[in-house]
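Computed from the coordinates by the stated procedures, all read-outs in this text should not be read as laboratory data. Keep in mind that what you see is a predicted model, and the values were worked out from it rather than measured. Every residue, glycine as well, gets a Cβ built from its backbone with ideal geometry; the counts of neighbours run over all protein chains shown.
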Amino acid sequence: MLLDLSGKKALVTGIANNRSIAWGIAQQLHLAGAELGITYLPDEKGRFEAKVRELTAPLNPGLFLPMDVQNPDQMQAVFQRLESQWGQLDILVHCLAFANKADLVGDFSDTTAQGFRSALEISTYSFTSLCRLAKPLFSPEASVITLTYLGAERAVPNYNVMGLAKAALEASVRYLAAELGPQQVRVNAISAGPIRTLASSAVGGILDMIHHVEAKAPLRRTVTQQEVGNTAAFLASPLASGISGQVLYVDGGYCITGL
Ligand SMILES: NC(=O)c1ccc[n+]([C@@H]2O[C@H](COP(=O)([O-])OP(=O)(O)OC[C@H]3O[C@@H](n4cnc5c(N)ncnc54)[C@H](O)[C@@H]3O)[C@@H](O)[C@H]2O)c1
């Protein structure tokens, strides 16, 4: 069987620029034939919108909508448009996260309650909200994908509160896979190795993390957005029809290493 997503409707969240993992995913889904809906985080000056619109134009997205996951009305509006224009959803990609920069450096015990709440609301609860809104629209054999990191299960310096957000996200994958499985919807996470992006640049010492992976991972390198995108396309396709509730590592093998 070849990887073929033609005729599938895919909603991709989390593209900020051409370094975004979501951009790597959107390109690979498009190459495999999927029709894309893109959401972007709106800002007052419209800079994100302009950048993401220009970047994604060659992929001819059928939907292009603002969505701040802290704005429930905006989230609902996305799914109302999706229902009226597409009627159903085959692929949902949750590829967004946020934590205060101050909470991504230094001692974990210094995390503030506000920082804890916003990291988990934006990075974790948003995944559950998206699945709830998409639930009535999922086609049989739909695939849901989110992005996580090894800091969910190991104490990675400076990753701090985002590690908790990812641990809760991985648990959400299992609960949502159990809930949506009877309607044949699969829910999985990709645990990507460190990649330089806007979000990762907020994590203290990200370059040291990348160099460490380059020295220690079995493949002696970290991964690219395109490699993560290829795995997302696989998970979105019938080739992965038996896989649900899993965390797949796309990290050059780093997670298996000991010393
Ligand atoms: N870069 C890495 O090393 C790495 C590794 C593993 C997992 N991840 C995960 O991959 C995902 C994508 O991150 P990235 O590294 O591509 O960085 P990125 O900065 O390109 O993407 C993060 C996205 O989150 C969006 N976002 C932030 N707050 C939002 C809100 N309130 N509403 C809607 N969108 C919001 C931003 O607009 C941006 O598009 C994240 O979940 C991240 O934790 C990244």
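Ranking M1, M209, M162 by Cβ neighbours within 10 Å, fewest first, what do you get?
M1, M209, M162
Any idea how far apart F64 and A77 come out in nm if each label point goes 7 Å out from Cα toward Cβ?
Result for the modelled spin labels: 1.6 nm.
For the cross-link pairs K51/K135; K8/K135; K8/K101, which exceed 27 Å when the distance is taken from alpha carbon to alpha carbon?
In this structure, K51/K135; K8/K101 lie more than 27 Å apart at Cα.
In deg cm²/dmol and to the nearest 500, what is the mean residue ellipticity at 222 nm of the chain if only DSSP H runs of at least 4 residues count, each as -39500 (n - 2.57), divided by the residue total?
When only DSSP H runs of four or more count, the value is -11500 deg cm²/dmol.
What does the charge count near E35 come to, summing +1 for each Lys or Arg and -1 for each Asp or Glu among other residues with Cβ under 12 Å from its Cβ?
+1
Tell me whether the range 1-114 comes out rounded, prolate or oblate; compute the Cα gyration tensor, take square roots of the eigenvalues as a ≥ b ≥ c, and use a/c under 1.5 as the rounded threshold.
prolate
At a 10 Å Cβ-Cβ cut-off, how would you order R196, R19, R154, fewest neighbours first?
Ascending Cβ contact count within 10 Å gives the list R154, R196, R19.
What distance in nm lies between label points placed 7 Å from Cα along the C-beta direction at A155 and T128?
2.7 nm
Could you check what % of the DSSP bridge pairs in the range 9-252 are antiparallel, to the nearest 5?
Percentage antiparallel, nearest 5: 0.
Whole-Hz ³J(HN,Hα) for each residue in the range 117-128, computed from phi via Karplus 6.51 cos²θ - 1.76 cosθ + 1.60 with θ = phi - 60°, x for glycine and proline: what do you get?
4, 5, 4, 6, 5, 6, 7, 10, 4, 4, 5, 5
Please arrange F234, F138 by how many other C-beta atoms lie within 10 Å of their C-beta, fewest to most.
Placing the least packed residue first, the sequence is F234, F138.
Apply the a/c threshold of 1.5 to the C-alpha gyration tensor of the range 123-259 and tell me whether it is rounded, prolate or oblate.
Note, shape of the range 123-259 comes out prolate.
What's the extension gain from R19 to I243 if we count 0.36 nm per residue and subtract their Cα-Cα distance?
The R19-I243 span can extend by a further 77.9 nm.
Tell me, what ³J(HN,Hα) does each residue in the range 198-207 have, in order and in whole Hz, if you take phi through Karplus 6.51 cos²θ - 1.76 cosθ + 1.60 with θ = phi - 60° and put x for Gly and Pro?
4, 5, 5, 5, 7, 7, x, x, 4, 5
Quick one: check the C-alpha center-to-center distance for the range 204-259 versus the range 47-64, whole angstrom.
Answer, in whole Å: 27.
Determine the relative contact order of the range 132-259: mean sequence separation of Cα pairs under 8 Å and six or more apart, normalised by residue count, in whole percent.
Once normalised by length, the contact order is 30 percent.
In terms of the Cα gyration tensor, with a ≥ b ≥ c the square roots of its eigenvalues, is the range 9-252 rounded because a/c is under 1.5, prolate because a/b exceeds b/c, or oblate?
Rounded, since a/c falls under 1.5.
Can you give the charge dipole size of the chain about its Cα centre, rounded to the nearest 20 debye, using +1 on the beta carbon of Lys and Arg and -1 on the beta carbon of Asp and Glu?
With Lys and Arg at +1 and Asp and Glu at -1, about 260 debye.
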